[in-house]
Amino acid sequence: MHSSSLDLYRAGASFWHRLDARVKLIITLAYVLTVSLMPVGAWPAYVLLFAFVLSLVVASELGVWVVLRRTLLALPFVLAALPLLVTTPGRVILSFSVGRWSLPFTSAGLERFLSIACKSWLSMQMAVLLTATTPLPDLWIALRALHFPGLLVATVGLMWRYLFVLADEAMRMLRAREARSAGGEGRNGGSVMWRARVTGSMAGSMFLRGYERSERIYNAMLARGYDGTVRSLPVKPVSATQRWVAALATGVLLVLLWLGQWMR
Amino acid sequence: MDVPGCAAVEIHKLSFAYPDGQVALRGIDLCVAPGERVGIVGPNGAGKSTLLLHLNGILQGEGTVGVDGLQVTRANLGRVRARVGIVFQNPDDQLFSPTVFDDVAYGPIYMGLSEAEVRQRVTQALQQINMEGYAIRVSHHLSLGEKKRVAIATVLAMNPEILVLDEPSAGLDPRGRRILIRLLERLPQTMLISTHDLRLVKELCPRTVVLDEGQVVADGPTGKLLADEALLLAHGLD
Amino acid sequence: MSQWSSPLYQGYIRPARAVGIPGHSVASGPSPMHIPDGFLSTPVALLMWVVAIVAVAYALRRVSRDLDERKVPLFGVLAAAIFAGQMLNFSVTGGTSGHLLGAAIACILVGPWAAVLALACVVGTQALLFQDGGLLALGANIVNMAVIGVSVAYAVHGAVRRLAGDQRWSTVVAGFAAGWTSIVVAALACALELAVSGTSPANVAVPAMGGIHMLIGIGEGLITVGAVALLYAARPDLLGARKGEAAGNRGILVGGLVLAIVLAVLSPLASSHPDGLEWVAEQRGFLDFARGSPYRLIPDYVFPGISNEAIATIVAGIVGLLIVFGIAMAVAASRRRRGSAQNP
């Protein structure tokens, strides 16, 4: 059985697609940093930041809905910030009483909650854009070119390569377990301890098979001359045009950052 | 090293036991001339895979192993591995790089070739397996047959003298098998093919060696050996 | 095949629903311990990045020094196994499921430094590719899960084994303790980071994160035990192989124990004195642009009226729209040019 991979990458010929992965990575990180540095409640700046990422999405010809769909998925996280609504001191706009406790919703709390939600969402869009327009092998090469340690990049590359193979095995085990879980509707037999133990055995056997597979991979590497060092072909330098693009994007972000401070 | 008919592979009294005590090979003698194609058959557990792993020094037992005029010793491993290309049974274990290009380039890179040479070797190897456009593909997306051919290419890129294949046709559908056999027919290297697929042996290998319980029990022309039903039955081949 | 129907997506993001175990409701998605962007103040996030980089760099050095070269494919596959292993779950009660982090198992199998490396890769990839945890917050996430999780697991495991000796039951207890403590202490660290950032006051974050993860930790502990039991039965040589390196790893053993104790003591303290942490956060206010101080009066914008900020926002919206529109036109034009170039 062949598990289809999680196809994050959507091929394309747009300008953004053709940018070197290093440039895209740097712009993405600069964007995320800018978003993080924006003060709470700087709505005009948030709108402009949204315009920034939206322009890039449009330029990449991906389709706005593709990116939005993927970010909406991870948004439920933001609910973790809900307590802010009631714990931030400030002017109270609404108050609920639950039993003895009252939950004062403050305007400051609302502002903080919405700010966090916006910032999270903006950062996510940029990250989704990066992964949708960059084939992963290019990303690993970019990391290597940006002087990430070779061992680390090799580990990430191998991890990604075998993730789907092992996920396949995990799915097969889960399915086999399901096929043998003949409990009635809504009622699972066996204690929690037993079920945890079974899951643990599944995890253990997956780790074990992974270990043994890694020994076979090592033999295959040896057979092709592996000598303990991590080697790869040299990476082409980034063209001048692309450097300008990176500089321009970073410049725009800095301007937005300054505007954001000014607009509090 | 003196016997002329053994210039490709010369194995003399090879014995090997695993660390847990299990004896896998008992005094194997084998002699292969350059350009020969030898099928190695036998039941599971006969020691076929273990024997293959001795040819490039991944395992080292008692006795001598010589390939292409070189003794397989610790000092020689780099050179040995450039001469003997082993294609393992499970292609997923051999395609461990992000793209097909990276996998095929791996061997040449570790041989220390220049970038231009590496690229040239990759192109050449992909041509040999008829998969020129596949360089940027991700190996996970390929079918089993395609993976097997790419695995062969990863080894061909090193221009080995001797090609060793472990169960090359396992799991392939008839069409995949056909493509594989045609590919192997075209290759000039000395070949050792360990397999259960007797029809493949008949088509590709004029000579067959039968292994059972770590020993060579028969070694001769394929036609004669595979017609001997008693032999096949006795050693779990039919 | 669309992303949503792929087994990996289903298995990772919607574990319960994918398997359809009867009586099992949908799990809440990725682990609650991955902090998204926007939740940590910038100074905290950057500090955590520094810690993460130092820790991972050190782990890399130790790994290349101590372990022989055959381990290189092992780390990658191990990281893949941890990643895939996080798909394995089981129902604890009707609504929740036990779900794996894997720090303890990794650590028991390959030692602390390789485990740090593998988990850092997993957490990093989850952030970059699945948006499970933010990119700026990635440093903190790596510190919590890969560094604190692993060192605490290693320390507890080592301590229990040392105290209880070498019997069969001591491996079980050690495995459970390592799994449970790694999750709980990592969660406490997470809560403290949120509190110092001013996102979530300590008296809410600590009990909430701590409490939930004390429950989740039980699952981790049990799964760890199950995995260790299987490995013990199938390949005991893999588990026993590393007695010798304990000496070299004394540093991380002690460090892990210290971390666990410090966090365990600090958290209830912080929880009962949330103002203390707010004060700390306030002192850094001059560096901290991301966090509006809660004690400053913030103009009322919630009901948009005639306020400068509302106008500024609208203007920004118009400007943004024009920019996007302009880009869309440019893209359309370039497409036409490309299309006509291909059809002479």
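The values are calculated or read from the model by the stated rules, or taken from the named source; none is laboratory data. Because the structure is predicted, anything quoted here is derived from the model rather than measured. Note that we place each Cβ from the backbone using ideal geometry, even for glycine, and neighbour counts take in every protein chain shown.
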- Looking at the range A:202-231, which of the residues that are closer than 21 Å to residue C:118 by Cβ, surrounded by 13 or more Cβ atoms within 10 Å (Cβ to Cβ) and among the small types (Gly, Ala, Ser) is modelled with the highest pLDDT? A:220
- Task: Please identify the pairs in which a residue from the range C:97-117 that is at pLDDT 85 or above has its Cβ atom under 6 Å from the Cβ atom of a residue that is crowded, with 24+ Cβ neighbours inside 10 Å and of a type in the set (Ser, Thr, Tyr), counting only partners at least 6 apart or on another chain.
- Result: C:103/C:182; C:104/C:182; C:104/C:224; C:105/C:224; C:107/C:154; C:112/C:154
- When the residues of the range A:65-88 are filtered to those that are of a type in the set (Val, Ile, Thr) and closer than 16 Å to residue A:127 by Cβ, which remaining residue is modelled with the lowest pLDDT? A:78
- If you take just the helices (runs of 4 or more DSSP H) that sit entirely in the range B:158-228, which of them hold at least 2 residues that are within 16 Å of the chain's Cα centre (by Cα)? B:174-186, B:198-204
- Note on the structure: Here the qualifying pairs (Cβ atoms under 8 Å; residues six or more apart or on different chains; first in the range C:187-201 and not assigned by TED's automatic domain parsing to the domain that holds residue C:44; second surrounded by fewer than 24 Cβ atoms within 10 Å (Cβ to Cβ)) come out as none
- Any idea which residue in the range A:241-251 is surrounded by the most Cβ atoms within 10 Å (Cβ to Cβ), counting only those that are over 13 Å from residue A:22 (Cα atoms) and either of a type in the set (Gly, Ala, Ser) or in contact with a Leu (Cβ under 7 Å, 6 or more places away or on another chain) (or both)? A:249
- Item | When residues of the range B:155-194 are limited to those that are within 14 Å of chain A (Cβ to nearest Cβ) and surrounded by fewer than 16 Cβ atoms within 10 Å (Cβ to Cβ), the one nearest to residue A:222 (Cα to Cα) | B:171
- Going through (1) buried (at least 21 other Cβ atoms within 10 Å of the Cβ); (2) among the acidic types (Asp, Glu); (3) at pLDDT below 90 one by one, residue B:20 fails only at (1)
- Determine, yes or no, whether residue B:103 is at pLDDT 90 or above, under 30 Å from residue A:231 (Cβ atoms) and either part of a strand (DSSP E or B) or not hydroxyl-bearing (Ser, Thr, Tyr) (or both). yes
- Give the number of residues within the range B:78-98 that are within 8 Å of another protein chain (Cβ to nearest Cβ) and either surrounded by fewer than 21 Cβ atoms within 10 Å (Cβ to Cβ) or in a helix (DSSP H, G or I) (or both). 7
- Message: With more than 24 Å from residue C:54 (Cα to Cα) and in a helix (DSSP H, G or I) as the only criterion, which of C:230, C:192 stands out?
- Response: C:230
- Could you tell me which of the residues C:170, C:182 is more than 21 Å from residue C:61 (Cα to Cα), part of a helix (DSSP H, G or I), touching a Lys or Arg at 6+ places or on another chain (Cβ under 9 Å) and of a type in the set (Ser, Thr, Tyr)? C:170
- Task: Within the range B:138-154, work out how many residues are over 20 Å from residue B:86 (Cβ atoms) and more than 10 Å from every other protein chain (Cβ to nearest Cβ).
- Result: 0
- Query: From the residues in the range C:105-163 that are more than 8 Å from chain A (Cβ to nearest Cβ), of a type outside the set (Gly, Ala, Ser) and surrounded by fewer than 24 Cβ atoms within 10 Å (Cβ to Cβ), which one is nearest to the chain's Cα centre (by Cα)?
  - Reply: C:126
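Could you go through the range B:40-52 and let me know if any residue there is of a type in the set (Lys, Arg) and on the phi > 0 side of the Ramachandran plot. Explain how you work it out, then say what you get.
Let us first name the residues in the range B:40-52 that are of a type in the set (Lys, Arg), namely B:48.
Okay, now just the ones that are also on the phi > 0 side of the Ramachandran plot, so none.
Checked against the condition, which is being of a type in the set (Lys, Arg) and on the phi > 0 side of the Ramachandran plot, the range B:40-52 yields no hits at all.
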- Message: If residue C:209 meets every condition in (1) within 21 Å of residue C:48 (Cβ to Cβ); (2) outside any helix (DSSP H, G or I) apart from one, which number is that one?
- Response: (2)
- Task: Within the range C:141-161, identify whether any single residue is under 26 Å from residue A:134 (Cβ atoms), small (Gly, Ala, Ser), out of contact with any strand residue (DSSP E or B) (no Cβ under 6 Å at 6 or more places or on another chain) and at pLDDT 90 or above, and answer yes or no.
- Result: yes
- Task: Sort through C:278, C:220 and tell me the only one that's within 30 Å of residue A:85 (Cα to Cα), within 12 Å of chain A (Cβ to nearest Cβ) and either modelled with pLDDT of 75 or more or surrounded by 16 or more Cβ atoms within 10 Å (Cβ to Cβ) (or both).
- Result: C:278
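Yes or no, residue by residue, for (1) touching a residue at least 40 places away in the same chain (Cβ under 8 Å); (2) outside any helix (DSSP H, G or I); (3) acidic (Asp, Glu); (4) more than 7 Å from every other protein chain (Cβ to nearest Cβ):
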{"residue": "A:137", "(1), (2), (3), (4)": "no, no, no, no"}
{"residue": "A:141", "(1), (2), (3), (4)": "yes, no, no, yes"}
{"residue": "A:144", "(1), (2), (3), (4)": "yes, no, no, yes"}
{"residue": "A:147", "(1), (2), (3), (4)": "no, yes, no, yes"}
{"residue": "A:171", "(1), (2), (3), (4)": "yes, no, no, no"}
{"residue": "A:207", "(1), (2), (3), (4)": "no, no, no, no"}
{"residue": "A:221", "(1), (2), (3), (4)": "no, no, no, no"}
{"residue": "A:225", "(1), (2), (3), (4)": "no, yes, no, no"}
